[in-house]
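Since the structure comes first, as structure tokens, the remarks are kept for the end.
The values are calculated or read from the model by the stated rules, or taken from the named source; none is laboratory data. Please read these numbers as outputs of a predicted model, since none were measured by experiment. Heads up, the Cβs are rebuilt from the backbone with ideal geometry, glycines too, and the neighbour counts pull from every protein chain shown. SASA here: full protein model, heavy atoms, side chains in, ligands and nucleic acids out. Shrake-Rupley method; radii C 1.70, N 1.55, O 1.52, S 1.80 Å.
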Amino acid sequence: MKAFLCRLIGFATDKTPAVRSREKTPVIYKFKRDVLSIVAKLNNGVRDPDCATIKRQTMFVQSQLFHSIYHDPAVPEATKKLLMEYHLKSVRATIGDMRGGRVREELQEPGSSRVQGAA
């Protein structure tokens, strides 16, 4: 885990700059890439996982990584702030998708009390 965190913030485990510096690969990009990589490994060999499952796994892995990084004293405050803002946007988007999904389901139900144009 320490090696992952060091790679994420741009330093090797011996405190020397990592191969890819923060300027070349932004923290948010590396964070998202690592989350997607972990989710892909989780689903290795799974035939046709549905989008809802992948989204739940992605949010779970992202929040666990975020919490571990946030509570690591070696991570700079500026990096923590960037990751917190990114995580907040992701959570809000996921909640918005879930709400939109419920509205779409209600509109598709026969005899729904909702009007088709009011969403």
Looking for something closer than 22 Å to residue 78 by Cβ and either open to solvent by 100 Å² or more (accessible area, probe 1.4 Å) or modelled with pLDDT of 90 or more (or both) - is there at least one such residue anywhere in segment 40-55? no
Return only the number of the condition from (1) at pLDDT 70 or above; (2) of a type outside the set (A, V, I, L, M, F, W, C); (3) more than 25 Å from residue 52 (Cα to Cα) that residue 117 does not satisfy. (1)
Name every residue in segment 77-100 that is touching a residue at least 40 places away in the same chain (Cβ under 8 Å) and open to solvent by less than 50 Å² (accessible area, probe 1.4 Å), in order of residue number. 79, 83, 86
Please work out which residue is modelled with the highest pLDDT, limiting yourself to segment 10-35 and to residues that are open to solvent by less than 90 Å² (accessible area, probe 1.4 Å) and hydrophobic (A, V, I, L, M, F, W, C). 35
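Take the residues in segment 48-79 that are in a loop (DSSP other than H, G, I, E, B) and under 27 Å from residue 100 (Cα atoms); name whichever of them is farthest from the chain's Cα centre (by Cα).
48
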